[in-house]
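Peer 1: Got a structure for you, written out below as structure tokens; questions coming shortly.
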């Protein structure tokens, strides 16, 4: 059964931010699908989407800003892993992130505010049972470490 990341957005406005997650998923070799449903406005649609993927190997990445009920709602209604990746807003001074962090008991979603982090977390979840993917994650991390090493070498030469 194919593994897939479901990027569930609270609205179409979240597409640009969600595309950044997808970009990193591509690099890691993971397939994904975009979906849109709102915990506040279309809760039945959210449940319908969850049922659609319940028999598949999926990780849900939820993307909803402001009062992010979507992530906790999804997590409360599936046994699949949920990664909340809310787009943060300078407009609220970052306070909108609290709706992703302060959730009811029984909710186990993971929260990261960086699209790259959401993609890496999803890949690591699947990598538990996929050694080839684990190797790609490790190579990705080593490449990031190499960037830091090269940066260090370049600034050592500056006076």
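Peer 1: Can residue 91 be described as buried (at least 16 other Cβ atoms within 10 Å of the Cβ), on the phi < 0 side of the Ramachandran plot and either at pLDDT below 95 or in contact with a strand residue (DSSP E or B) (Cβ under 7 Å, 6 or more places away or on another chain) (or both)?
Peer 2: No; evaluated as a whole, the condition is false for this residue.
Peer 1: Just to be sure before I move on: is residue 111 touching a strand residue (DSSP E or B) at 6+ places or on another chain (Cβ under 8 Å), modelled with pLDDT under 95 and surrounded by 13 or more Cβ atoms within 10 Å (Cβ to Cβ) in the structure I sent?
Peer 2: Judged against the criteria, residue 111 is a match.
Peer 1: Hey, among the residues in the range 1-23 that are in a loop (DSSP other than H, G, I, E, B) and free of Cβ contacts under 8 Å to residues at least 60 places away in the same chain, which one's farthest from residue 71 (Cα to Cα)?
Peer 2: It comes out as 1.
Peer 1: A further question on this structure: Provide a single number: the residues in the range 115-133 that are over 17 Å from residue 31 (Cβ atoms) and free of Cβ contacts under 8 Å to residues at least 60 places away in the same chain.
Peer 2: Total satisfying the criteria: 3.
Peer 1: While we're on this one: Which ones in the range 46-70 are at pLDDT below 95 and buried (at least 19 other Cβ atoms within 10 Å of the Cβ)?
Peer 2: 64, 65, 68, 69, 70, listed by residue number.
Peer 1: Looking for whichever is within 17 Å of the chain's Cα centre (by Cα) and under 22 Å from residue 13 (Cβ atoms) here; the options are 110, 61, 137. Which one fits?
Peer 2: Going through 110, 61, 137 in turn, just one is within 17 Å of the chain's Cα centre (by Cα) and under 22 Å from residue 13 (Cβ atoms): 61.
Peer 1: Still on this structure, I have one more. Of all residues in the range 78-88, count the ones that are more than 15 Å from the chain's Cα centre (by Cα) and either crowded, with 17+ Cβ neighbours inside 10 Å or not in a loop (DSSP other than H, G, I, E, B) (or both).
Peer 2: Here the count works out to 1.
Peer 1: Inspect the range 24-32 for any residue being under 23 Å from residue 124 (Cβ atoms) and in a strand (DSSP E or B) and give the result as yes or no.
Peer 2: yes
The values are calculated or read from the model by the stated rules, or taken from the named source; none is laboratory data. Here the structure is a predicted model, which is why all the values come from computation and not from measurement. Positions of Cβ are generated from backbone atoms using ideal geometry, with glycine treated the same way; all protein chains shown enter the neighbour counts.
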